[in-house]
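So the structure is just underneath, and the comments pick up after that.
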Amino acid sequence: MIPESKRVQQIPPYLFADIEKQIERAKAAGADIISLGIGDPDLPTPELIIDELKATVEDAENHRYPSSQGMASYRQEVAAYYRRRFGVELSPDQEVCSLIGSKEGIANINFCFVDPGDINLVPDPGYPVYSTATMLAGGECYFMPLKEENGFLPDLQAIPDAVADKAKILWLNYPNNPTGAVADLAFFEEAVAFAKKHDLLICHDSAYVEMTYDGYVAPSILQVPGAKDCAVEFGSCSKPFNMTGWRIGYIVGNAKAVGVLARYKSNVDSGAFQAVQYAAIAGFRRAEEIVAKSAAIYAARRDILVGGLNEIGWNLKAPKATFYVWAPVPKGFDAKSFAAHVFDKTQIVITPGTGYGQMGEGYFRATLTLEENLMRQAIQRLKDHLGQVRF
Ligand SMILES: *Cc1c(COP(=O)(O)O)cnc(C)c1O
């Protein structure tokens, strides 16, 4: 067998492989596992979206190749959502492209703008696709540490000029996975000014823009005047509409970047199934109502989890967005040993922060994708087996 390409050889081994093996073994031995590990909504896709799929799936028109840019009606609906939700005007033809899930576009855009030896500015901790896809395109990552004392925002001014001038893409993601942090428009304004100064493309991943609580409303980076000169935003139906398995998302913003990605895509894929695009359109039309329902459910779970952890010694603030709780590990542990300890003692799966980068050392991530009863059970187990924790 021929060796794999150098490109693929560079990709680090899957960081959660050990934990997954451990889970499999424990499951086989009959362990009663509660997973706070996976960022995948447990709630079903709303009925109105499923109904629209049913209504369009039998139409032979939809059985043919879609365009990789997406149907005009899908792109118009995304533009309508941006106008209504953010007050941002988008040209459906020039500034919107469908994606087969946003992860697809997040990975592929690196191949559009990064040559071997180029640098991307990548948050640490962060969604792993930013760094692995940068590397697959032959680029190198300059990691921007996200520190608690900065509200988990990168300190753009700390990036050396020589690095910023050489860099191509500035990756941002707010509301943030894994920290649950949010960014305000003032931060996005700073990022746009920084990108213009250093001639960067900002790729903002807004996967959690609709997953917000307590009245908090997350902005789009495209609300910053002039953002379209240097920024694109990735969005997804996965988290707001509980559609992770359906694979549908979008890129919006800078026409050049959207167009280049569409051209690249037309050579490597053939777009999202049209019936899925129709279903997503139905979701966007009722977006506010759908996300309000989910948010109420996640907020109640969040309060159980954060409240429970605080009772046994943590001092966490409830995140305003995302379905993640990012918390420090107690004294005497590192990220990996704490996750292993919790699993050993309680059969609860949490993710070690180091799965998201070196700066995740000292943290773990827990998700809110468990119904309230199970969340209460999880807290009870932690209380029974960890006792009071210290930092
Ligand atoms: C879930 C997630 C995505 C990917 O979503 P898809 O549209 O399902 O590919 C992108 N970015 C972040 C930060 C995520 O957590």
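Taking the average, over residues, of other Cβ atoms within 10 Å as the packing measure, peptides 55-63, 129-137 rank 129-137, 55-63 from highest down. Near the amide H of F364, within less than 5 Å, lie the amide hydrogens of A327, V329, G353, all on another chain or at least 5 residues away, with H placed in the peptide plane.
Taking the C-alpha atoms only, the angle from helix 102-113 to the longest principal axis of the chain is near 60 degrees. Does anyone have the angle between helix 185-198 and the longest principal axis of the chain? Alpha-carbon axes, 0 to 90°, nearest 10? That helix lies at roughly 60 degrees to the long axis.
Dipole orientation for the range 47-286: of the candidates L156, M135, A55, A55 has the Cα lying most toward the positive pole (charges on Cβ; Lys, Arg +1; Asp, Glu -1). The trypsin sites (Lys or Arg not before Pro) of the range 32-127 that DSSP puts in a loop, and whose beta carbon has at most 13 other beta carbons within 10 Å, are R64.
Take the Cα of D18, step 7 Å toward its Cβ, do the same at Q388, and the gap between the two points is 3.1 nm. Each peptide in 298-307, 375-384 gets a packing score, the mean of other Cβ atoms within 10 Å over its residues, and the list from highest to lowest is 298-307, 375-384.
Taking a label point 7 Å from the Cα of D40 along the Cα→Cβ vector, which residues of the range 268-299 have an amide N closer than 13 Å to it? Of the residues in the range 268-299, none has backbone N under 13 Å from the label point off D40. Taken about its Cα centre, the chain carries a charge dipole of roughly 380 debye when the Cβ of each Lys and Arg holds +1 and the Cβ of each Asp and Glu holds -1. Report the residues of the range 41-71 in range of a label on S270: point 7 Å along Cα→C-beta, backbone N strictly under 19 Å from it. Residues passing the 19 Å test: 57-71. For S35, the residues whose modelled amide H falls within less than 5 Å of its own, excluding neighbours fewer than 5 places apart on the same chain, are V349.
Could you estimate the translational diffusion coefficient of the chain from the Stokes-Einstein equation, with Rh from the Kirkwood formula over C-alpha pairs, at 37 °C and 0.692 mPa s, in whole µm²/s?
For these conditions, the coefficient is 150 µm²/s.
Here the range 236-254 and the range 1-66 have alpha carbon centers that stand 15 Å from each other.
Contact order normalised by length for the chain, with contacts defined as Cα pairs under 8 Å and 6 or more residues apart; what percent is it?
So the answer I get is 23 percent.
Pairs from the list K293/K317; K197/K239; K147/K168; K6/K166 with a Cα-Cα gap above 26 Å: K197/K239.
The amide H of N173, built 1.01 Å from its N in the peptide plane, has D205 as neighbours under 5 Å, considering only residues 5 or more places off or on other chains. Protein heavy-atom accessible surface, 1.4 Å probe, per residue over the range 47-286: 38 Å².
With both residues required to sit in the range 47-286, DSSP beta bridges show an antiparallel share near 35%.
Computed from Cα positions, the angle between helix 287-311 and the longest principal axis of the chain comes to roughly 30 degrees. Projecting the Cα atoms of L146, F234, F194 onto the dipole axis of the chain, where Lys and Arg carry +1 and Asp and Glu carry -1 at the beta carbon, places L146 farthest toward the positive end. Express the C-alpha Rg of the range 99-247 as a ratio against the empirical globular expectation 2.2 N^0.38 Å, rounded to two decimals. Compared with the compact-globule rule of thumb, the range 99-247 sits at 0.99.
What number, rounded to the nearest 500 deg cm²/dmol, is the helix-based mean residue ellipticity at 222 nm of the chain, given -39500 (n - 2.57) per DSSP H run of at least four residues and division by all its residues? Show your work: numbers first, answer last.
Details: 13 runs with 160 residues, N = 391.
Per the formula, -13000 deg cm²/dmol.
The range 341-390 and the range 112-147 have Cα centres lying 28 Å from one another.
Using a simple spin-label model with pseudo-atoms 7 Å out from Cα toward Cβ, E189 and E288 lie 2.6 nm apart. Across the range 322-338, computed HN-Hα scalar couplings (Karplus, 6.51 cos²θ - 1.76 cosθ + 1.60, θ = phi - 60°) run 6, 10, 10, 10, 10, 9, x, 7, x, 3, x, 10, 10, 4, 6, 5, 5 Hz from first to last residue, x flagging Gly and Pro.
Projecting the Cα positions of L90, A167, A181 onto the charge dipole of the chain (unit charges on Cβ atoms of Lys, Arg, Asp and Glu, taken about the Cα centre) puts A181 furthest along the positive direction.
The values are calculated or read from the model by the stated rules, or taken from the named source; none is laboratory data. As the structure is a computational prediction, the values presented were derived from the model and not from experiment. Glycine gets a Cβ as well: all are built from the backbone with ideal geometry, and neighbour counts include every protein chain shown. Heavy atoms of the whole protein, side chains included, go into the accessibility calculation; ligands, DNA and RNA do not. Shrake-Rupley method; radii C 1.70, N 1.55, O 1.52, S 1.80 Å.
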